Amino acid sequence: MKITEVTLNDIPLLEKLINSAYRGESSKKGWTTEADFIGGIRTDEDSLIEMIINPEAVILKYCDDDNRIQGCVYLEKKDKHMYLGMLTVSPVLQSKGIGKILMASAEEFARDRKCNEIVITVISIRHELIGWYERRGFLRTGEKKSFPSDMKFGIPRIPLELIVMKKKL
């Protein structure tokens, strides 16, 4: 197992991994799929480039023993907290502990940057995912946000909203 920062060279494989984990038939092999309620793609090359070149952000990748990217997580420092998003694990490897490893690495990264909490947003109907985060110490804040209307995040098939969750470090 190896956790490192992604580079621009990782974009093609990263884009494929993220979209396969969230959308389309391949995502249904795992439990994190959004395919039933969001169409389109989860991310694209331009969005990934924007994330990677952001000086306040990083994407950490999890590579297997053969150096293949099997998971990733996006982190962006905002004042004294770290925003965490796009926690991704290959659909065929979900429920094998990779998400927990990425989460632990994200928390360590946030602490190293003097952040006192991690903030996430989760689609409100993703009850299993919300439970997963709660088991890792995240609490619902009561705050809700609209699902992004930008097509680059996908096309909602039903009305969606995001809930905000936080974890103190």
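The values are calculated or read from the model by the stated rules, or taken from the named source; none is laboratory data. Source: prediction; values computed, not measured. Cβ sites come from the backbone with ideal geometry, for glycine too, and all protein chains shown count toward neighbours.
Beta carbons closer than 7 Å, at least 6 apart along the sequence or on distinct chains, pair a first residue in the range 8-33 that is β-branched (Val, Ile, Thr) with a second that is surrounded by 14 or more Cβ atoms within 10 Å (Cβ to Cβ) and in a helix (DSSP H, G or I) for Ile11/Leu48; Thr32/Ala21; Thr32/Tyr22; Thr32/Leu129; Thr33/Tyr22; Thr33/Ser27. Condition first: at positive phi, surrounded by 11 or more Cβ atoms within 10 Å (Cβ to Cβ) and either in contact with a Leu (Cβ under 8 Å, 6 or more places away or on another chain) or at pLDDT 90 or above (or both). Now tell me which residues in the range 133-169 satisfy that. The one that is at positive phi, surrounded by 11 or more Cβ atoms within 10 Å (Cβ to Cβ) and either in contact with a Leu (Cβ under 8 Å, 6 or more places away or on another chain) or at pLDDT 90 or above (or both): Gly137.
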